[in-house]
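Report on the following structure.
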Amino acid sequence: TDFRSLIRKVMRLEPEVIFLPGYYTEVGLFLKQSRQMGLKVPVLGGDGWDSPKLQELAGPEGIKNNYISSHFSADDSDPKVQSFVKEYESRYNSKPGAMAALGYDGILVMADALKRADSLTHDAIQNAIIATNGFTGVTGSITLDSNRNARKSAVVLETTAKGNVFKQKVSP
């Protein structure tokens with residue numbers, strides 16, 4: 001929880017930017033301490049940062065000037081995203097986060113695979129899932145590669161005191 005020693009080492013290197021993979025719990029503390037110590041360069045991270053708690057942990061100064069890549073933004077103007085957001089908000093009285101969107105897309109990919117499968121056997125369903133190519137979900141276009149990794153869009157978010165702000169969607 002005390003990152004000051006590490007921050008001093010980083011500051012001596014005079015970086016122009018820092019990539020900090022990790023989860024919001026530790027990242028928030030690092031951001032807060034680094035800004036208190038005078039480190040002002042942008043910090044970049046991944047989906048482990050994507051939590052409303054990050055703003056609270058990092059504080060108003062620590063949260064500024066940072067960017068993350070994630071799977072989803074409720075502020076994406078894509079009509080499919082906005083339809084999902086509207087339906088989600090009507091049911092749960094809050095905006096959906098990346099985990100809700102990924103879960104939704106996961107179910108839709110499964111349903112699509114069930115429709116495409118030759119039969120409802122384990123192997124047929126598995127083969128249909130593996131063959132997913134260009135499926136359009138709320139997190140973007142999803143294609144499974146030869147290693148069964150999802151090739152899909154990512155969103156770039158700027159961290160601010162009011163929450164993460166959608167900047168752009170990047171497709172592979």
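The value of relative contact order for region 123-172, using C-alpha pairs under 8 Å at least six residues apart, is 24 percent.
Largest mean-square fluctuation among S94, S73, S153, in a Gaussian network model of the chain whose springs join Cα atoms under 10 Å apart, belongs to S94. Nonpolar atom fraction for the chain, defined as the carbon and sulfur part of the 1.4 Å probe accessible area, stands at 54 percent. Counting only lysines at least 8 places from K86 when in the same chain, those with an alpha carbon closer than 16 Å to its own are K95.
Sparsely packed loop sites in region 70-172 (the trypsin sites (Lys or Arg not before Pro) outside DSSP H, G, I, E and B with at most 14 other Cβ atoms within 10 Å) comprise R148, K162.
Label-to-label distance for R151 and S119 is 3.1 nm, based on points extended 7 Å past Cα in the beta-carbon direction.
In this structure, the pairs whose alpha-carbon distance is over 21 Å, taken from K32/K162; K9/K53; K80/K169, are K9/K53.
Taking label points 7 Å from Cα along the Cα-to-Cβ direction, T25 and K167 give a separation of 2.7 nm. Here the chain is assigned +1 on the Cβ of each Lys and Arg and -1 on the Cβ of each Asp and Glu. Its dipole about the Cα centre then comes out at about 460 debye. Relative contact order of the chain, please, whole-number percent, based on alpha carbon pairs below 8 angstrom and at least 6 residues apart. Taking the mean separation of contacting Cα pairs over the length of the chain, I get 20 percent. Take region 1-74 with all the other protein chains still there, run a 1.4 Å probe, and you get 56 Å² of accessible area per residue. Taking L102, L31, L157 as the candidate residues, the one with maximal mean-square fluctuation in a Gaussian network model of the chain, Cα springs under 10 Å, is L102.
Between V109, V27, V138, the Gaussian network model of the chain with springs among Cα atoms under 10 angstrom shows the greatest mean-square fluctuation at V109. Pairs of Cα atoms nearer than 8 Å and 6+ residues apart set the relative contact order; for region 25-107 it is 28 percent.
So how strong a dipole does region 21-108 carry about its Cα centre when Lys and Arg Cβ are +1 and Asp and Glu Cβ are -1, to the nearest 20 debye? Mind showing how you got there, number by number?
On the way: 9 positive and 11 negative charges, 59 e Å.
Roughly 280 debye for region 21-108.
For region 116-140 and region 51-90, what is the centre-to-centre distance using only Cα atoms, to the nearest Å? Centre-to-centre (Cα) distance: 29 Å. With the highest mean first, a sort of the peptides 5-17, 50-62 on other beta-carbon atoms found within 10 angstrom per residue produces 50-62, 5-17. Shown for the chain are the DSSP H helices of 18 Å or more along their axis, judged by Cα atoms, with a mean Kyte-Doolittle hydropathy of at least -1.0: 98-116.
The values are calculated or read from the model by the stated rules, or taken from the named source; none is laboratory data. In this text, all values refer to a predicted model and were calculated from it rather than measured experimentally. Glycine gets a Cβ as well: all are built from the backbone with ideal geometry, and neighbour counts include every protein chain shown. Quick note on the areas: whole protein, heavy atoms, side chains included, nothing else; ligands and nucleic acids left out. Shrake-Rupley method; radii C 1.70, N 1.55, O 1.52, S 1.80 Å.
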